[in-house]
Amino acid sequence: MSEEERESALPPEEESRLQRSLRYGHRTGLYVALAFGIAAAVLLILLIARNTRQVKVDYVLGSTQTRLIWLVIISAITGWVLGIVTAFLIRRRTRWRRAA
């Protein structure tokens with residue numbers, strides 16, 4: 001009898017409670033993330049639908065007319081990018097130095 005036949009003849013290992021709860025917990029986390037993603041998409045669609053009027057934007061050197069939704073989207077993207085850059089810089093500066 002070869003090694004592979006012996007391994008296939010053994011009964012399958014039973015999953016422990018911890019392993020099963022980790023597997024189901026991961027699946028639950030995926031469902032929660034999916035629900036949050038769908039809710040965020042619905043809120044974004046509602047935000048776009050409700051903010052279509054034009055507003056005057058005053059700069060230091062002038063002013064312009066633009067739709068309110070563009071201001072909201074540009075502000076959100078700018079804040080997201082600045083958050084990523086800030087997190088990267090903080091992680092880089094607080095990382096443990098390796099001994100040379």
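Numbers for the structure displayed
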{"read-out": "Residues satisfying the stated conditions in the range 46-77, i.e. out of contact with any strand residue (DSSP E or B) (no Cβ under 9 Å at 6 or more places or on another chain) and exposed (fewer than 10 other Cβ atoms within 10 Å of the Cβ)", "value": "Ala49, Tyr59, Val60, Leu61, Gly62"}
{"read-out": "All positions within the range 78-91 that are loosely packed, with under 10 Cβ neighbours inside 10 Å and either among the polar types (S, T, N, Q) or in contact (Cβ under 8 Å) with a residue 40 or more places away in the chain (or both)", "value": "none"}
{"read-out": "Where a residue in the range 30-54 is touching a residue at least 24 places away in the same chain (Cβ under 8 Å) and its partner, wherever it lies, is in a helix (DSSP H, G or I) and among the hydrophobic types (A, V, I, L, M, F, W, C), with Cβ under 8 Å and at least six apart", "value": "Leu47/Ile69; Leu47/Val72"}
{"read-out": "Residue that is farthest from Ile73 (Cα to Cα) [pool: residues in the range 10-27 that are surrounded by 10 or more Cβ atoms within 10 Å (Cβ to Cβ) and either polar (S, T, N, Q) or in contact (Cβ under 8 Å) with a residue 12 or more places away in the chain (or both)]", "value": "Gln19"}
{"read-out": "The range 65-77 residues that are closer than 12 Å to Ala49 by Cα, paired with ones that are in a helix (DSSP H, G or I) (beta carbon under 8 Å, 6 or more apart)", "value": "Ile69/Leu47; Ile69/Ile48"}
{"read-out": "Yes/no for Leu34 being at pLDDT 75 or above, loosely packed, with under 10 Cβ neighbours inside 10 Å and under 31 Å from the mean Cα position of the chain (by Cα)", "value": "no"}
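The values are calculated or read from the model by the stated rules, or taken from the named source; none is laboratory data. Computed from a predicted structure; not experimentally measured. Glycine also receives a Cβ, built like all others from the backbone with ideal geometry; neighbour counts cover every protein chain displayed.
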